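Have a look at the structure below before the remarks.
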Amino acid sequence: MMENVINIRQLGLTSYLEVYQIMHNFTMQRTELTLDEIWLTEHHAVFTQGKTGSPEHLLSDTGSIPIIQTDRGGQITYHGPGQQIMYTMIDIKRRKLSIRQMVSYLEQSVIETLAKLGIKAEAKKEAPGVYVNEQKICSLGLHIKNGRTLHGLALNIAMDLTPFKLINPCGYAGLAMTQVSQQTTEFDRTAIAKNLVDAFAQSLQYQQIHYL
């Protein structure tokens, strides 16, 4: 059955706006028979603002790094090379899932992936995302259209964290950011991506994972 199968696309390093548009096109064109998908990517440097984002969380001029308004939830955040993006195009109406359940599954997939690296992480009910010693290592943002999710998570692996100092990350003043490379020197980025996919797919009980 289609609800037991999920397709995985590995997009490499991409433009945020390009993927944003393709993601929306996919969601608008999909039908009740369309398989769910996960897209794995990294983005060129960009700040993205959530649909209810407040401008005061931008603390300084971003120079050459663009700021893009989006329809995801949450406040402003930063994406750049060295950060693993996992976009989740899931028919939650078909799977009878709530948005809160989706957020929890995404957070748990990150926590399980980091645990394999010996990194103890946690989620916070009042502040979506994943944290290590009170420092944020993964941001989340979702949008629902016609009972289907867009957007997903951004896990910091080995990137330049400096641009986060130009903002209140995800709307939290003084929030420190961290990444996998600051927590351990023993990691493989390909394995991290696979473990994220596997943990998330297992949570939602997909029986077949197809890499396209």
Legend entry - Net charge contributed by nearby residues that have their C-beta within less than 12 Å of residue 33 (K/R +1, D/E -1): -2
Legend entry - Degrees between helix 16-29 axis and first principal axis of the chain (Cα, 0 to 90, nearest 10): 30 degrees
Legend entry - Sequence-distant lysines (8 or more away, or on other chains) whose Cα lies within less than 27 Å of residue 136: 51, 116, 120, 124, 125, 165, 194
Legend entry - In the range 97-157, GluC sites (Glu not before Pro) in a DSSP loop with at most 10 other beta-carbon atoms within 10 Å: 126, 134
Legend entry - Residues in the range 23-47 reached by a label modelled at residue 93 [backbone nitrogen below 16 Å; 7 Å Cα→Cβ]: 26-36
Inset, instruction - Could you tally the net charge around residue 195, taking each other residue with its Cβ under 15 Å from the Cβ of residue 195, Lys/Arg +1 and Asp/Glu -1? - result: -2
Inset, instruction - Note the angle between two axes, namely the Cα long axis of helix 99-115 and the longest principal axis of the Cα atoms of the chain, as a number of degrees from 0 to 90, rounded to the nearest 10. - result: 70 degrees
Inset, instruction - Can you work out the PRE-style zone for residue 33? Point 7 Å along Cα to Cβ, and I want the residues of the range 1-27 with backbone N under 15 Å. - result: 1-3
Inset, instruction - Per DSSP H run of n ≥ 4, the term is -39500 (n - 2.57); total these for the chain, divide by its residue number, and report the mean residue ellipticity at 222 nm rounded to 500 deg cm²/dmol. - result: -7500 deg cm²/dmol
Inset, instruction - With both partners inside the chain, how many of the DSSP beta bridges are antiparallel, as a percent to the nearest 5? - result: 65 percent
Inset, instruction - Specify the angular offset, from 0 to 90 degrees and rounded to the nearest 10, of the alpha carbon long axis of helix 189-203 from the longest principal axis of the alpha carbons in the chain. - result: 50 degrees
Legend entry - Formal net charge of residues neighbouring residue 156 (Cβ-Cβ distance under 13 Å; K, R +1; D, E -1): 0
Legend entry - FRET E, pair residue 9, residue 189, Förster distance 22 Å, beta-carbon r, rounded to 0.05: 0.85
Inset, instruction - First measure r as the distance between the Cβ atoms of residue 116 and residue 211, then evaluate 1/(1 + (r/R0)^6) with R0 = 22 Å and state the FRET efficiency to the nearest 0.05. - result: 0.65
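Since every read-out is calculated from the coordinates, none of them should be taken as a lab result. It should be emphasised that the depicted structure is a prediction, and the values quoted were computed from it without experimental measurement. All Cβ positions, even for glycine, are placed from backbone atoms using ideal geometry, and neighbour counts span all protein chains on display.
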